[in-house]
1. Considering only protein heavy atoms, with the full assembly of protein chains and a 1.4 angstrom probe, order 134, 95 by accessible area, largest first.
2. Count the lysine pairs in the chain that are 8 or more places apart or on different chains: how many have C-alpha atoms under 16 angstrom apart?
3. Can you pull out the chymotrypsin sites (Phe, Trp or Tyr not before Pro) in the stretch 1-64 whose DSSP state is coil and whose Cβ has at most 14 other Cβ atoms within 10 Å?
4. Could you check the simple spin-label distance between residue 8 and residue 125, using points 7 Å along Cα→Cβ, in nm with one decimal?
5. Quick one, which of (1) 109; (2) 148; (3) 169 is the actual volume of the Cα convex hull per residue in Å³ calculated for this model?
6. Post the alpha-carbon centroid distance, the stretch 1-32 to the stretch 79-107, in whole angstrom.
7. Would you mind giving the average projected area, over all directions, of the Cα convex hull of the stretch 1-61 in nm² with one decimal?
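The values are calculated or read from the model by the stated rules, or taken from the named source; none is laboratory data. As the structure is a prediction and not an experimental result, all values here were calculated from the model. Positions of Cβ are generated from backbone atoms using ideal geometry, with glycine treated the same way; all protein chains shown enter the neighbour counts. Accessible surface areas use protein heavy atoms only, side chains included; no ligands, DNA or RNA. Shrake-Rupley method; radii C 1.70, N 1.55, O 1.52, S 1.80 Å.
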Amino acid sequence: MLELAQLTTGQELPAYTKEPVTKVQLVKYAGASGDFNPLHTDDAFAQKIGMPGVIAHGMLIMGFLGEYVNHLAGDLAIVKDFSMRFGAMTFPKDTITCRGVIKETYEQHGARFAVLTLYAEKGPEKVVGSGEATLQF
């Protein structure tokens, strides 16, 4: 959990690493999201269109970053804004590590905020998603 008084601009936040992505996870996510595009669940289809196999839903990776932000916020902050851009494909067996950096802290109308720059990576310098979140303390 983050405490606003201890945050400084440019500060790197503790990383959060997920278990490797599995094909079962992709099928479960397809069911939960309603996105049954066979690119995410059927290797033969993915290979037919030129991919090495199925790829993870981009929104699954956004969910990983969202989980990370909520873990950082704990019960001391509220997530006021959250966005992500997709960067690269994620495949089964990829391990995703979520990272964050304090972009800025500020006060507005008596409330205190921290803006986080976020990254989801599948290896050093292999960003699969990046984004930003604003926490209100």
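1. 95, 134
2. 8
3. 36
4. 2.7 nm
5. The value matching this structure is (1).
6. Result: 7 Å between the Cα centres.
7. The number I arrive at for the stretch 1-61 is 6.4 nm².
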